[in-house]
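The values are calculated or read from the model by the stated rules, or taken from the named source; none is laboratory data. None of the values given here were measured: they were computed from a predicted structure. With ideal geometry, Cβ positions are generated from the backbone for all residues, glycine too; neighbour counts draw on all protein chains shown. Protein only, heavy atoms only, side chains kept; ligands, DNA and RNA dropped before computing areas. Shrake-Rupley method; radii C 1.70, N 1.55, O 1.52, S 1.80 Å.
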Amino acid sequence: MKTTNRLSLVLVFLLFFVITTSFSQQTHYITLHVNTEQINSQNELETCYFTSESPDGQVITSSGNIQEFTTVVNAGDTIVWRGQSSNDPDNHTVNISSINYHGGDNVFDQNVLNGNGGSPEEVVGVVKVGTNGQTEKYAIKFKVFNNGNQNGGTFNIDPKISVQP
């Protein structure tokens, strides 16, 4: 009888451990770095780059075509998009106004994730459960402010999110 109780206790512990680690949600931070002095509607891809910080602290920086930049996440994870001036972060602001579904699989609960209205404005999204193995192409819509004055209109860049299988 004692062996059965111990075995049951071990099985319950293992089941709890597997469930907890399988469904733990993590937060990923994607930062859009913008040369706020030089950006215009003809050079937005050349004046920007991404960094992505994973929950374990690893930072990945985009290289090459930033529209091919892919952030790898798990279903249930939270993603925070934020902007930052690469040349004058104290006086220039990059507001991420929305994340819009653009193609592939839609890994969020809606087509448009709107900004929080803050300054700088950020967008937060949670990856749907059941999207394992899916990839979404999305548009980041952002605005640039230099010393409080808007520089240009709304800019767009189309990176990707890939949900691990």
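Only one of these is in contact with a helix residue (DSSP H, G or I) (Cβ under 9 Å, 6 or more places away or on another chain), within 17 Å of Asn156 (Cα to Cα) and of a type in the set (Gly, Ala, Ser): Ser97, Ser62, Ser85. Name it.
It is Ser62.
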Item to check | Contacts under 6 angstrom Cβ, first residue in region 112-134 being touching a residue at least 60 places away in the same chain (Cβ under 8 Å), partner assigned to a loop (DSSP other than H, G, I, E, B), 6 or more apart | outcome: none
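Considering each of Ile140, Ile60, Ile96, Ile161 in turn, give the residue that is more than 17 Å from Ile39 (Cα to Cα), open to solvent by less than 10 Å² (accessible area, probe 1.4 Å) and assigned to a strand (DSSP E or B). Give the steps one after another, and end with the answer.
Values: Ile140 fails: more than 17 Å from Ile39 (Cα to Cα); Ile60 fails: open to solvent by less than 10 Å² (accessible area, probe 1.4 Å); Ile96 fails: more than 17 Å from Ile39 (Cα to Cα).
Just a single option satisfies the conditions, and that option is Ile161.
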Checklist entry - Of all the residues that make up region 120-137, how many are buried (at least 16 other Cβ atoms within 10 Å of the Cβ) and among the hydroxyl-bearing types (Ser, Thr, Tyr)? => result 1
Item to check | Top-ranked residue of region 63-93 - restricted to ones that are more than 13 Å from the chain's Cα centre (by Cα) and acidic (Asp, Glu), ranked as least open to solvent (accessible area, probe 1.4 Å) | outcome: Asp88
